[in-house]
Structures are given as structure tokens and as C-alpha cells.
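Before any comments, here is the structure.
The numbers here are math on the coordinates, done by the rules we state, and not lab data. If you're wondering where the values come from, they're calculated on a predicted model, not measured in any experiment. As a convention, Cβ positions derive from the backbone with ideal geometry for all residues, glycine included, and neighbour counts pool all protein chains shown.
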Amino acid sequence: MQNKLRHLGVILDGNRRWAKQRNLNPWEGYKKGAENLANFLEWCKELKIKELTLYAFSLKNFERDKAEVKFLFQLFKLWFLKILKEKRIDEDKVRVRFIGRIKLFPKEIYELMKKIMEKTKNYNNYRLNFCMAYDGRAEIVDAVNKILKSKVNKIEEKDFSKNLYLDSEPDLIIRTSGEKRISGFLPWQSSYSEFYFTEKHWPEFSKQDLIKAIEDFESRERRFGK
């Protein structure tokens, strides 16, 4: 039986390396990566992928060069303003979520995220999740603290899952740029996810690369520990 890809996770890696290979500054890599993301979202819709979770900005990314982080914040602001005005989000009924410790972002960006989530909260044809100020261990710690506040006597696995940032599990996780690790991306939710690693840097990841990853996923036998 062919595997059906419903939920795809992607670790968007290699923007800076792509720029370095071309003797460009890191900003050019981020700009190109953002352009490719716009294309990627269209490809996913064409391929009928209903849920997409993107690792866009980790907690550790705050520690990068200040000028680089400032540029990324400007890029996020432009992206989120575009999402707010994008008619296709409403037409396609895309629920957009930002998961992570998003209050750490500058107020202007945080408020934009909240506006987008409020505007799309009742949409359910597609789901688009951005992992922002995200770390898998932090997610688990935050879930535990949430549960402790509820003063429960016993924690069941299903109850723990409900207290995470993200309550769904990716079927497939793609990581670009040659790294073969998850870097704290959805450690709880990815327990039975399939993984696909590619040498391609994110800005050069193509529709054909996506199709190749999906075909590889569909050819696998998934046992789920059985």
C-alpha cells in the first residue's frame, strides 16, 4: 500500500552556505531562500500536501550576529505582512500558526504573528506551521510546566501531546544542505516520521527535488514499531 503524505516537515537549511559558495553576503542567501519558500508553498498545494511545518528560526538563532538577526527580523516582517494581505490564504482556507517562544520576538513581529493566527484560526483546508523561536527541548519543558499548573495526578501520553505547541505528527521530514540531524526539530512529534536528507541548499531546492523526496517516502514500508 502506498504511503500517503499528509503532513510534511522541512528544516530550511543552507541559506548562508548557498550565499558563501557564490561569494555573496548572507543576506542574499536569506532573500533567495524566502523567494524559494514562496514557490515551495505552491508546489505543496499542487501535490495536495495538507499540512506543512517549517523550521524557520530556532532559539539558538537569536545568538547569531546582530546585523544578521536584524535583517532576518525585517524579512519576517515583510513576509508576515504579505501573508496578512494574501487573498489565497483566505480562498484556500489555510490556517497559519507560529509555534515556539514567539514572545521573544520584537513586539511588532509578535503582533503580526498574532494577527495572522487570529485571522486564520477557523480555516482548516490546509495548515501552515512556522517554527519560530523554536527548540524541541524547550517545547517539552513548556508542555511539562503547563501540565504542572493544571495539578494533574497522572500524565498520560495523549494528554502530554495536547500540551505541546504542535498537536500533529509529520509523515516525512526533509532536511536540506547535507546535515543529517534534526537539530531539535519536533523531537516528540517525529517519533515515527520518515526522514529525507539532501545535499541541496534550501535556496536551490526545486520542485523536482520535492517530488523525488515524496517518491522515496512513498516507496518505503512504514512499520510504526510493529
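Structure above, values below:
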item	result
Any hit, the stretch 55-76, residues being more than 28 Å from residue 138 (Cα to Cα) and either aromatic (Phe, Trp, Tyr) or surrounded by 13 or more Cβ atoms within 10 Å (Cβ to Cβ) (or both)	no
Total residues in the stretch 16-45, condition more than 15 Å from the chain's Cα centre (by Cα) and surrounded by 19 or more Cβ atoms within 10 Å (Cβ to Cβ)	7
Residues within the stretch 87-109 that are free of Cβ contacts under 8 Å to residues at least 40 places away in the same chain and either surrounded by fewer than 16 Cβ atoms within 10 Å (Cβ to Cβ) or touching a Cys at 6+ places or on another chain (Cβ under 9 Å) (or both), tallied	10
Number of the condition not met by residue 195 [criteria: (1) outside any strand (DSSP E or B); (2) surrounded by fewer than 18 Cβ atoms within 10 Å (Cβ to Cβ)]	(1)
Within the stretch 115-127, tally of residues that are surrounded by 13 or more Cβ atoms within 10 Å (Cβ to Cβ), under 30 Å from residue 63 (Cα atoms) and out of contact with any Asp or Glu (no Cβ under 7 Å at 6 or more places or on another chain)	3
